[in-house]
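The values are calculated or read from the model by the stated rules, or taken from the named source; none is laboratory data. All of these numbers come straight from a predicted model, not from anything done at the bench. Cβ sites come from the backbone with ideal geometry, for glycine too, and all protein chains shown count toward neighbours. Accessible surface areas use protein heavy atoms only, side chains included; no ligands, DNA or RNA. Shrake-Rupley method; radii C 1.70, N 1.55, O 1.52, S 1.80 Å.
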Amino acid sequence: MRRSMKLAAVVLSGSLGIASLAACGAKSTDNNTGASASGSASGIKVGMAYDIGGRGDQSFNDSAARGLDKAKADLGVQITEAEAKTGEAEADKETRLKTLVTGGFNPIIAVGFVYQGAVEKVAKENPNVKFAIIDSGSSTQPTNVTSLTFSEQEGSYLAGVAAASKSTAKHIGFIGGVQSELIKKFEAGYVAGAKSVTPDIKVETTYLTTPPDFSGFNDPGKGKDAAQGQIDKGADVIYSAAGSSGNGAIEAVFNAKKWAIGVDSDQAAQPALSKYKERILTSMVKNVDTAVFSYIDAFKKGTPITGTKNFDLKEKGVSLATTGGYISDIQAKLDAATTAITSGATKIPTTTG
């Protein structure tokens with residue numbers, strides 16, 4: 001679900017006024033809570049720039065939003081939110097980040113690898129502002145940028161184990177939003193996990209778009225069509241790593257009475273997807289909320305996280321959701337796979353090649 005870009009109700013100082021925020025597409029809200037975010041005891045103002053789909057996507061961005069909300073509630077920080085638009089230029093991302101800098105927001109968190117170039121440029125121009133970027137890292141980014149990354153392949157491996165264990169057709173599917181190095185990690189882990197259970201299992205793979213077209217993360221219609229295509233070919237369990245496009249895939253799977261595997265958030269527990277929860281086998285949860293909160297908490301304590309911080313299966317950075325109890329009967333198998341990964345006995349590939 002798309003929403004317009006949002007801005008928490010805060011007291012803005014300096015040269016950044018409501019007019020300049022409106023020019024960036026931001027909107028004063030406060031996460032729809034109706035409570036004012038001004039008068040924060042901490043004095044820290046956190047800016048968050050969401051990936052395409054924004055708050056309300058029931059997946060990746062919503063996981064980041066939960067971490068931001070927790071920081072506001074537990075740490076007393078002020079918050080501002082802004083959202084990327086489908087098809088926007090790189091300059092739009094840079095402008096969004098610069099507007100947050102001008103508004104005095106520090107730290108600034110960019111949600112998604114699509115911000116890598118913009119973060120590098122704006123961070124170099126503003127060395128006294130701390131930035132974090134989720135799902136991306138670069139050897140050329142300045143020292144005031146922290147990368148918050150995840151071992152998506154490890155959680156996806158467990159999703160593959162679950163898919164192969166539940167598939168009666170020995171035929172499953174994977175839908176990626178955008179054909180990128182990040183999403184290939186999901187695919188690689190999923191395929192490896194499935195083949196660890198059923199070596200000759202058939203895996204359908206569909207990517208919705210390729211860079212620089214990132215609309216594959218925000219097109220439920222494409223997700224639904226892709227899932228239906230895989231179902232028509234015989235797949236009976238489909239895992240989508242496609243942002244809000246995955247919502248359409250879940251709908252198609254529900255209608256066909258097959259199994260869906262969600263991503264990033266526990267999608268069976270998301271209100272907007274509740275009518276489909278009986279066909280959501282599990283979700284590969286990427287705990288972006290934990291990373292966001294940890295980063296803000298460390299910043300507030302004066303011991304900021306620097307460099308690259310990776311959240312893996314051992315640190316509970318990724319996990320499988322158990323809502324609905326649909327994987328209870330294979331929990332022992334999943335526990336054994338988890339132990340093998342966390343002990344280092346099983347190494348998970350990050351590419352399918």
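For helix 60-75, report the angle its Cα long axis makes with the longest principal axis of the Cα atoms of the chain; keep it between 0 and 90° and round to the nearest 10°. Orientation of helix 60-75: about 50 degrees from the principal axis.
Accessible-area rank, largest first, for Leu281, Leu182: Leu182, Leu281, with all protein chains present and a 1.4 angstrom probe. Rounded to the nearest whole Hz, the Karplus-based 3J(HN,Hα) values (6.51 cos²θ - 1.76 cosθ + 1.60, θ = phi - 60°) of the stretch 222-228 follow the sequence 5, x, 5, 5, 5, 5, 5, with x at glycine and proline. Note on the chain: helix-only mean residue ellipticity at 222 nm, from DSSP H runs of 4+ residues weighted -39500 (n - 2.57) and normalised by residue number, equals -11500 deg cm²/dmol.
The stretch between Ser343 and Asp232 holds 36.0 nm of extra length on full extension. This uses 0.36 nm per residue minus the Cα-Cα distance. For the stretch 115-267, the Kirkwood hydrodynamic radius comes to 16.2 Å, computed from all pairs of different C-alpha atoms. Between Thr352 and Lys195, the contour length at 0.36 nm per residue exceeds the alpha carbon distance by 55.3 nm. Once divided by 2.2 N^0.38 Å, the Cα radius of gyration of the stretch 247-287 becomes 1.01. With a Förster radius of 45 Å applied to the C-beta separation of Asp335 and Thr210, the computed FRET efficiency comes to 0.75.
Counting Cα-Cα pairs of the stretch 175-228 in 10 Å increments starting at 0 gives whole-percent bin shares of 24, 46, 26, 4.
Sequence-ordered 3J(HN,Hα) estimates for the stretch 199-215 from the Karplus curve with 6.51, -1.76 and 1.60 and θ = phi - 60° stand at x, 9, 5, 8, 10, 7, 10, 9, 9, 7, 8, 10, x, x, 8, 9, 5 Hz, glycine and proline given as x. Backbone amide hydrogens, once placed in the peptide plane, bring Ile238 within less than 5 Å of Gly173, Trp259, Ala260, Ile261, excluding anything fewer than 5 places away on its chain.
Matching the structure-derived P(r) over Cα pairs in 20 Å bins from 0, in percent against the labelled list (i) 33, 58, 9; (ii) 32, 55, 12, 0; (iii) 22, 29, 20, 19, 10, 0 gives the label (ii).
Residues whose amide H falls under 5 Å from that of Ser283, counting only those 5 or more places apart or on a different chain, are Gly262, Ala321, with hydrogens built in the peptide plane. In the chain, the portion of solvent-accessible area held by carbon and sulfur atoms comes to 51 percent [1.4 Å probe, whole percent, DNA, RNA and ligands not counted]. Would the stretch 93-191 count as rounded, prolate or oblate if I go by the C-alpha gyration tensor, calling it rounded below 1.5 in a/c and otherwise prolate when a/b exceeds b/c, oblate otherwise? Note, shape of the stretch 93-191 comes out prolate. Once the Cα-Cα distance is subtracted from the 0.36 nm per residue extended length, the Lys314 to Lys301 segment shows a gain of 2.2 nm. Global size of the stretch 260-308: 15.5, 45 Å for Rg and Dmax (C-alpha atoms, Rg to one decimal, Dmax whole). The distance between label points at Lys85 and Lys70 comes to 3.3 nm (points 7 Å beyond Cα on the Cα→Cβ vector). Per residue, the stretch 223-279 exposes 36 Å² of accessible surface when a 1.4 Å probe is rolled over the protein heavy atoms with every protein chain present. Using the Karplus relation 6.51 cos²θ - 1.76 cosθ + 1.60 with θ = phi - 60°, the per-residue 3J(HN,Hα) values for the stretch 290-304 come to 5, 5, 4, 5, 4, 5, 5, 4, 5, 4, 5, 6, x, 10, x Hz, with x marking Gly and Pro.
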